[in-house]
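Asker: This is the structure I want to talk about, given as structure tokens.
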Amino acid sequence: MKFLFDLFPVILFFIAYKFSDIYTATLVVIAATFFQVIYSKLIHKRVDKLLIFNAVLISILGGTTLWLHDANFIKWKPSILYWLLAGALLFFHFFKKKNLVKNLMGEQIRLNEKTWNQINMTSAVFFAGLGVLNLYVAFNFSENIWVNFKLFGITGLIICYAILIGVLASRANHK
């Protein structure tokens, strides 16, 4: 359910784009993200830090897209989010000696420290690469292809990556 909740604004962005244009879709994704924040606060009594950061980022870049009537700003948003996530994984690993992936998933999965570190580093590389790939598609293909890639391509890659990490974690547990 959390995965669908996280995907909710992207799905609405996709639908709004298909029925209207990139500017309407941008307005819809901003509203949907704020709805997520409000819903989380009302129902769960807390809002995830990543969701707050995403809401601020979507407001700034989406707002700039609407204000300047320039879709390039909204196209940069996923890449900036992924790069900052990759940077946070690396920063906390090297400078704070904390593993953010382990902090998020450590209650559900028991792994040795080496495996947690491998997953953390692999995740940083994955998200950095995903940011590059987003920009490549955004600026080398049509807007329509980018919107499709944003929902289906990026989501598919994240699901495949999660499955791969699950398989690797399972193998590490059986050694």
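The values are calculated or read from the model by the stated rules, or taken from the named source; none is laboratory data. None of these values were measured; they are calculated from a predicted model. Neighbour counts run over all protein chains shown; Cβ positions are idealised from the backbone, glycine included. Side chains included, ligands, DNA and RNA excluded: accessible areas come from the protein's heavy atoms. Shrake-Rupley method; radii C 1.70, N 1.55, O 1.52, S 1.80 Å.
Asker: What is the dipole size for the chain, taken about its Cα centre, with +1 at each Lys and Arg Cβ and -1 at each Asp and Glu Cβ, in debye to the nearest 20?
Answerer: The dipole of the chain has a size of about 800 debye.
Asker: Within the set of other residues whose C-beta is less than 11 Å from the C-beta of Thr33, count the net charge using Lys and Arg as +1 and Asp and Glu as -1.
Answerer: Neighbourhood net charge equals 0.
Asker: What does the helix-only formula give at 222 nm for the chain: each DSSP H stretch with n ≥ 4 adding -39500 (n - 2.57), the total divided by the residues, and the result rounded to the nearest 500 deg cm²/dmol?
Answerer: -27000 deg cm²/dmol
Asker: Which value results when the Cα radius of gyration for segment 89-175 is divided by 2.2 N^0.38 Å?
Answerer: Ratio of Rg to 2.2 N^0.38 Å for segment 89-175: 1.28.
Asker: Can you name the helices of the chain, as whole DSSP H runs, whose Cα span along the helix axis is 24 Å or more and whose Kyte-Doolittle mean is not below 1.0?
Answerer: Within the chain the helices that satisfy the rule are 2-19, 22-39, 49-68, 72-95, 154-173.
Asker: How large is the Kirkwood hydrodynamic radius of segment 32-111, in angstrom, based on all distinct alpha carbon pairs?
Answerer: Every distinct Cα pair counted, the radius reaches 14.6 Å.
Asker: Additional query: Give, in whole angstrom and from largest to smallest, the semi-axes √(5λ) of the equivalent ellipsoid of the chain, with λ running over the eigenvalues of the Cα gyration tensor.
Answerer: Ellipsoid semi-axes (Å, largest first): 30, 18, 15.
Asker: Tell me the per residue accessible area of segment 1-160 using a 1.4 Å probe; a whole number in Å² is fine.
Answerer: 59 Å²
Asker: Given a cut-off of 32 Å, name the pairs among Lys18/Lys102; Lys49/Lys114; Lys77/Lys102; Lys45/Lys114; Lys45/Lys97; Lys41/Lys114 whose C-alpha atoms lie farther apart than that in the structure shown.
Answerer: From Lys18/Lys102; Lys49/Lys114; Lys77/Lys102; Lys45/Lys114; Lys45/Lys97; Lys41/Lys114, over 32 Å: Lys18/Lys102; Lys45/Lys114; Lys41/Lys114.
Asker: Further, regarding this structure: What FRET efficiency comes out for the pair Leu104/Leu7, r = Cβ-Cβ distance, R0 = 30 Å, nearest 0.05?
Answerer: For Leu104 and Leu7, the calculated efficiency is 0.95.
Asker: Also: Considering only the other residues whose Cβ falls under 13 Å of the Cβ of Val137, what net charge follows from Lys and Arg at +1 and Asp and Glu at -1?
Answerer: Neighbourhood net charge equals +1.
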